[in-house]
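Written out below as structure tokens is the structure these notes cover.
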Amino acid sequence: LVFVGVEGMILRAATLDPASGLDYVIVLGAHVRSTGPSRALALRLDAALDYAADNPDTIFIVSGGQGSNEPCTEADAMKTYLETHGLSSDRILTEDQSTNTVENLRFSRKLIPQEVQKVGIVTSNFHVYRSLRLAKQQGFLDPVGISADSGVYFLPNNVLRECFGIVKDRLY
């Protein structure tokens, strides 16, 4: 029953339509290869570009440090991708020190004026629910999920893994 309940919350959060007109949107990082963003990261960036096209005043924070197996910080790769696909550099802020989702949100929060409480978070569809819960723990009063596709093939594994992550978060 716990599993079914958590999976239901994950899937519900993944299908909600994002609010328009957000002042700031955080794009959570994912793996970067020597050839550029991984497929998961490219899908997140494409979702950010779709949002940007409909919301020309939104500022995007690309968030992610550099893992030991990455050629550059996730934030740098993300910024390059967004600029290459037409997003103006004056609409992009970088947070390049984080190593996990909690740090992505904590460090990105410092780049946003304190009075701004409604912030979008772009992440993979299976990760939206958990990211919103973590965002509230990091001081965002009204975070909004912006879901990026993750591909049907990997979804069962990702949703199962995410369920265990949510249970772990609740226990600790």
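No lab work stands behind these numbers, since they all come straight from the coordinates. None of these values were measured; they are calculated from a predicted model.
For the reader, a short list of remarks on this structure follows.
- When only alpha carbons are used to place a centre, segment 36-86 and segment 92-127 end up 13 Å from one another.
- Stretch gain in nm, segment residue 80-residue 34, where the contour uses 0.36 nm per residue and the Cα spacing is subtracted: 15.2 nm
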